[in-house]
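The values are calculated or read from the model by the stated rules, or taken from the named source; none is laboratory data. The structure presented is a predicted model; accordingly, all values stated were derived computationally and were not measured. Here the Cβ positions follow ideal geometry from the backbone for every residue, glycine too, while neighbour counts run over all protein chains shown.
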Amino acid sequence: MEKKTNILIERSDCILYYADLDLTNEHGAGWIGGNAPVLFDDPSNLIHELDPKYVFYLSLKHPFKPDSMISIFIPEDRDKHLENNIYPNCAVKVIEHPTSAESTNNTFANSNLIKHIISDGQLCNDEKSMDRPFLIKAGGTPRLIQNEDYYFAKLKEESLSFFVQVDEDGYPETLIQADGSYPFYFGSLYIFGKAETEFTHPIAGFWQFS
C-alpha cells in the first residue's frame, strides 16, 4: 500500500520499464511490437469494428492489478493519428483487459516495429527519473516535451490523473526497422485514468513531440 501511495498519490516514486531484444525472457512485463494479445483475435472485439484500421503498439502488465494488462493501438492512417492527439479526441486506443498471451495472428502487427520484451519494472525516485532514459514510466509525474495547459484542460475537468508515459527517447536502436518511422514522431504518449481505490479506465490523454 505504501508503494502505491508513493507512486500514485504522493507521486514521489515511479516505476521505470525498458525494452529488451532478448525474446527468451519469459518474465518481462509485456512486449512492444510483434502481434497483439490473442484476446484481440476475436472478430467481435472492438478493435475490429473501428474505422480507420488500427495497428498494435504494445502490451504492458498492469502495475497494480496482477491479472490485467493494458494494450495500446494506434491508427494506421498517420494523418488521423497526427491530427487527433489530445483528449477527448485522441485517436490512440488504450484498452485494459485480462492478461493474455501474444497471438500468432499478425492482423494488427506494425511493420515498423521489431518485437522487444518490456523489462520488469524498477522502482525509482520520481525526481531522479527526470534525468534518465526509459521506455515506460508508471506513476510519479510526467516528463513533458511541451508544457502547455491545453493538453490537460479536459483531463482536469474530468478528474483524470496521469498514469503511464511511453517515451520514444527510450527506444533501443534495434526497435525501429531500418526503413521504418517512429509511431509518435520521436515523442511521448501520456496515459491517464481514474485514481481511486485502484487505477481504472486508462485512456490516451495526449501525445506530443518536439
Quiz item: In the stretch 184-204, is there at least one residue being of a type in the set (Lys, Arg), touching a Ser or Thr at 6+ places or on another chain (Cβ under 8 Å), surrounded by fewer than 19 Cβ atoms within 10 Å (Cβ to Cβ) and not in a loop (DSSP other than H, G, I, E, B)?
Solution: yes
Exercise. Filter the stretch 90-102 down to residues that are not acidic (Asp, Glu) and not in a loop (DSSP other than H, G, I, E, B), then give me how many there are.
Key: 5
Quiz item: Among the residues of the stretch 121-141, is there at least one that is under 26 Å from Asn35 (Cα atoms), outside any loop (DSSP other than H, G, I, E, B), polar (S, T, N, Q) and in contact with a strand residue (DSSP E or B) (Cβ under 9 Å, 6 or more places away or on another chain)?
Solution: yes
Quiz item: When you scan the stretch 142-151, how many residues do you find that are in contact with a strand residue (DSSP E or B) (Cβ under 8 Å, 6 or more places away or on another chain) and assigned to a loop (DSSP other than H, G, I, E, B)?
Solution: 5
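For the stretch 1-16, what are the residues that are charged (D, E, K, R) and loosely packed, with under 12 Cβ neighbours inside 10 Å?
Listed by number, the list holds a single entry, Glu2.
Any chance the stretch 103-115 includes a residue that's outside any helix (DSSP H, G or I), closer than 23 Å to Leu8 by Cα and at pLDDT 95 or above?
Taking every residue of the stretch 103-115 in turn, none turns out to be outside any helix (DSSP H, G or I), closer than 23 Å to Leu8 by Cα and at pLDDT 95 or above.
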Practice problem: Answer yes or no: is there a residue in the stretch 103-122 that is of a type in the set (Gly, Ala, Ser), surrounded by fewer than 14 Cβ atoms within 10 Å (Cβ to Cβ) and without any contact (Cβ under 8 Å) to a residue 40 or more places away in the chain. | Solution: no
Quiz item: Looking at (1) more than 17 Å from His116 (Cβ to Cβ); (2) modelled with pLDDT of 95 or more, which is the one condition that is false for Asp167?
Solution: (1)
Exercise. Report, by residue number, each residue of the stretch 10-34 that is farther than 17 Å from Ser129 by Cβ and either touching a residue at least 12 places away in the same chain (Cβ under 8 Å) or in contact with a His (Cβ under 8 Å, 6 or more places away or on another chain) (or both).
Key: Asp20, Leu21, Asp22, Leu23, Asn25, His27, Gly28, Gly30, Trp31, Ile32, Gly33, Gly34
Quiz item: How many of the residues making up the stretch 71-83 are surrounded by 18 or more Cβ atoms within 10 Å (Cβ to Cβ) and farther than 17 Å from Ser111 by Cα?
Solution: 1
Quiz item: Hey, does the stretch 161-173 have a residue that's in contact (Cβ under 8 Å) with a residue 60 or more places away in the chain, assigned to a loop (DSSP other than H, G, I, E, B) and either small (Gly, Ala, Ser) or farther than 18 Å from Lys65 by Cα (or both)?
Solution: yes
Practice problem: Identify the residue in the stretch 17-70 that is among the acidic types (Asp, Glu) and farther than 18 Å from Leu113 by Cα and, among all such residues, is surrounded by the fewest Cβ atoms within 10 Å (Cβ to Cβ). | Solution: Glu26
